[in-house]
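See below for the structure under consideration.
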Amino acid sequence: MSFLLPKDGGGLSIGIMGGTFDPVHIGHLVTAEEARQQFKLDLVIFMPTGNPPHKDRDQVTDAEHRYLMTLLAVVDNPYFTVSRMEIDSTDTTYTIDTVQHFTKLYNSQLTLYFITGADAILNITTWKDYEMLLKSCEFIAASRPGYSFGRLKEILGDAFPEVIKHVHLLEIPAMAISSTFLRRRVAEGKTIRYLTPETVEQYIYKNGLYTR
Ligand code: NAP
C-alpha cells in the first residue's frame with residue numbers, strides 16, 4: 001500500500017475495515033462507503049481476518065474464499081481495496097499488530113480509523129493491548145439504527161469513559177443484514193440476490209459454500 005502519497009499539506013486518512021466477511025454483504029459495503037464519506041477517508045482497506053483470536057477456526061470459511069469474495073465485492077470502487085495481510089499470517093492475528101503495521105508504514109502522516117461492527121467493539125477490553133490500541137487509532141462502530149452507547153457503557157463499566165473518546169458510532173440501516181443471515185438463507189435454498197453483489201452470489205454457488 002506504500003504507493004499512496006500524502007495529500008498536499010496534510011496526512012492521509014485511512015480506514016481499515018476489519019471483519020470476517022463470511023460472506024461480505026451490502027451492509028459491509030454501505031458501512032465502508034458511509035465511513036469514507038463522513039470521515040473523509042482517502043482509502044478503505046478491507047482486512048478479512050486470518051486466524052482470529054476469538055473464533056473456532058472450523059466455524060469460519062476458508063480465508064482464501066473470504067478474501068476472494070471481498071475482492072469481488074469491492075473491485076468497482078476506486079477508494080476500496082482488500083489486504084491479504086491477516087489471511088497470509090500463519091500466527092493468530094490481532095488488531096493491534098495490523099494497526100501498528102500501518103502506523104509504521106506511514107509514520108506520523110497517517111490518521112487511522114478501524115471500522116467494524118458495534119457488537120465486536122463491545123468486547124474491546126478483551127482485545128490484545130486494547131489500551132495501546134485505543135491510543136493508536138480511532139474506531140468507527142457500525143450499528144443498526146437505534147443502537148445506543150448505553151449498552152456499551154453497561155458492558156465496559158469503568159473502562160467506558162476512556163474507550164468512548166475513541167469510538168464513533170455509525171448508524172447503518174443496511175446492517176440489519178448479517179453474514180449469518182446470508183449463510184442461513186443459502187443453506188435453506190433461499191435467494192440472496194441483492195443482499196450481496198451478484199459476483200459474490202455467483203462465487204458462493206460456484207464453490208458450493210454455505211450449503212449446510
Ligand atoms: P464478529 O464477532 O463476527 O461480528 C460482530 C458483529 O459485527 C456482527 O454483527 C458482524 O456482522 C459485525 N461486523 C463485523 N465486521 C464488520 C464490519 N467491518 N463492518 C460492519 N459490521 C461488521 O466480528 P469479527 O468479524 O470476528 O471481528 C471484527 C473485527 O474485530 C476483526 O477485524 C477482528 O480481527 C477484530 N477483533 C480483534 C480482536 C483482537 O485483536 N484481540 C478480537 C476480536 C475482534 P457480520 O457477521 O454481518 O459481519
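The values are calculated or read from the model by the stated rules, or taken from the named source; none is laboratory data. Fair warning: this is a prediction, and the values are worked out from it, not measured in the lab. Reconstructed Cβ throughout: ideal geometry from the backbone, glycine too, with neighbour counts over all protein chains shown. Surface accessibility is based on the protein's heavy atoms, side chains included, excluding ligands, DNA and RNA. Shrake-Rupley method; radii C 1.70, N 1.55, O 1.52, S 1.80 Å.
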### Message
Residues that are in contact with a His (Cβ under 7 Å, 6 or more places away or on another chain), surrounded by 10 or more Cβ atoms within 10 Å (Cβ to Cβ) and modelled with pLDDT under 95: does the stretch 168-184 have at least one?
### Response
yes
### Task
Go through the stretch 125-142 residue by residue and tally those that are under 16 Å from the mean Cα position of the chain (by Cα) and either near the ligand (Cβ under 7 Å from one of its atoms) or of a type in the set (S, T, Y) (or both).
2
### Message
Could you list, ordered by first residue, the pairs with Cβ atoms under 6 Å in which the first is in the stretch 147-175 and over 19 Å from E34 (Cα atoms) and the second is open to solvent by 40 Å² or more (accessible area, probe 1.4 Å), at least 6 apart or interchain?
### Response
A159/T125; F160/K153
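Does E188 meet the test of being open to solvent by 90 Å² or more (accessible area, probe 1.4 Å) and more than 24 Å from R66 (Cα to Cα)? Before you say what the answer is, go through the steps one by one.
Working: open to solvent by 90 Å² or more (accessible area, probe 1.4 Å): yes; more than 24 Å from R66 (Cα to Cα): no.
Here the answer is no, as E188 does not meet what is asked.
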### Message
I'd like to know if the stretch 104-124 contains one or more residues that are on the phi < 0 side of the Ramachandran plot, among the β-branched types (V, I, T), assigned to a helix (DSSP H, G or I) and near the ligand (Cβ under 9 Å from one of its atoms).
### Response
yes
## Note on the structure
Checking M47, M17 in turn, the sole residue that is touching a Phe, Trp or Tyr at 6+ places or on another chain (Cβ under 6 Å) and modelled with pLDDT of 95 or more turns out to be M17
### Summary
R84 vs (1) more than 12 Å from the ligand (Cβ to nearest atom); (2) crowded, with 16+ Cβ neighbours inside 10 Å; (3) under 19 Å from the mean Cα position of the chain (by Cα): all pass except (2)
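Take K7 and tell me if it is away from the ligand (no atom under 13 Å from the Cβ), assigned to a loop (DSSP other than H, G, I, E, B) and at pLDDT 95 or above. Let's see the steps before the verdict.
Working: away from the ligand (no atom under 13 Å from the Cβ): yes; assigned to a loop (DSSP other than H, G, I, E, B): yes; at pLDDT 95 or above: no.
Taking the combined requirement at face value, the residue does not satisfy it.
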### Task
Would you please list the contacts, defined by Cβ atoms under 8 Å and residues six or more apart or on different chains, that run from a residue in the stretch 178-202 that is assigned to a helix (DSSP H, G or I) to a residue that is small (G, A, S)?
T199/A73; V200/A73
### Complete set of residues in the stretch 110-166 that are among the small types (G, A, S) and out of contact with any Phe, Trp or Tyr (no Cβ under 7 Å at 6 or more places or on another chain)
G117, A120, S136, A141, A142, S143, G146, S148, G150, G157, A159
### Summary
Checked against (1) more than 11 Å from the ligand (Cβ to nearest atom); (2) open to solvent by 20 Å² or more (accessible area, probe 1.4 Å), N51 satisfies every condition except (1)
## Note on the structure
Across (1) under 14 Å from G18 (Cα atoms); (2) open to solvent by less than 20 Å² (accessible area, probe 1.4 Å); (3) in a helix (DSSP H, G or I); (4) not charged (D, E, K, R), A141 clears everything bar (3)
